[in-house]
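The values are calculated or read from the model by the stated rules, or taken from the named source; none is laboratory data. As the structure is a computational prediction, the values presented were derived from the model and not from experiment. Glycine also receives a Cβ, built like all others from the backbone with ideal geometry; neighbour counts cover every protein chain displayed. Note: areas computed on protein heavy atoms with side chains; ligands, DNA, RNA excluded. Shrake-Rupley method; radii C 1.70, N 1.55, O 1.52, S 1.80 Å.
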Amino acid sequence: METAYTIYEQQMLKKLKRWEIRQQKAPNLMERASKSVQTSINNLIPDKVHKTITATVKGIVQTTLFGMNYIPKNDPIYGASLADSDARAEELLSLYKKIAAAEGAGTGAGGILLGLADFPILIGIKLKFLFELAHAYGYSTKDYRERLFILYVFQLAFSSSNKKPDLLHTIKNWHAISHSFPPAEDYMNLVDWQQLQQEYRDTIDFRKMLQLVPGIGAVVGAWANFGLLEELGVAGMNCFRLRRLHDKTESKGFESK
């Protein structure tokens, strides 16, 4: 049967298959050891602190889903080739890595208080990047389901290995799954906020804790934020590539070889 894909898209399909395999691998020995240490540390942190962090993350994500602050002023880029959307995505990633690195250096140099303040600021930078990314691939964030998709991408990028397969399944089957979602207000009640904030914090814990060390905070802050945006960029671009290629196949009624 005729293939629906250009040469570039076929290359991306191969790249995506390798990426999907990595997302579904079981945690290696180092990841399991790291998780064990992080769990022990989490048990020492007062429940009041966990609740405060959870409330902070929940507030930021609620703003993302219901507010208009993050929605880009520019319209989604409809009709662009995947190659053109990828090129725009690379430009955005380069820009936001610089923004995150500059912010991390500034708060890292400011000591513990500013270092702690970096957590919600960095989440905001990440979410703003994902909103811009959605428009680069032709998806309007005015639709709350697209904002939910962004939340799943965010979780995939920063969740532990044992959570990634389920999140990837949701992303790959987004078209079918999203149609069954309840109204946005009801969906918010189904999110496990405690798990979301803990997965996020555990993933960035080591790098961001180093940012609080006197004398090296600025360098580490820039390094940590730059790397975290790079990880988010890879996950985000691949998730939107999956959707674009799936949408193209569905619209043309072709099958990939």
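Quick notes on this structure:
- Scanning segment 125-148 for residues that are within 18 Å of Leu93 (Cβ to Cβ) and assigned to a helix (DSSP H, G or I) turns up Ile125, Lys126, Leu127, Lys128, Phe129, Leu130, Phe131, Glu132, Leu133, Ala134, His135, Ala136.
- Test for Ser36: is it small (Gly, Ala, Ser) and modelled with pLDDT under 80: yes
- Scanning segment 72-86 for residues that are of a type in the set (A, V, I, L, M) and open to solvent by 50 Å² or more (accessible area, probe 1.4 Å) yields a single hit, Ile77.
- Checked against (1) open to solvent by 10 Å² or more (accessible area, probe 1.4 Å); (2) in contact with a His (Cβ under 9 Å, 6 or more places away or on another chain); (3) among the β-branched types (Val, Ile, Thr), Ile121 passes all but a single condition, namely (2).
- Counted residues, segment 203-230 - those being acidic (Asp, Glu) and either part of a loop (DSSP other than H, G, I, E, B) or modelled with pLDDT of 90 or more (or both): 1
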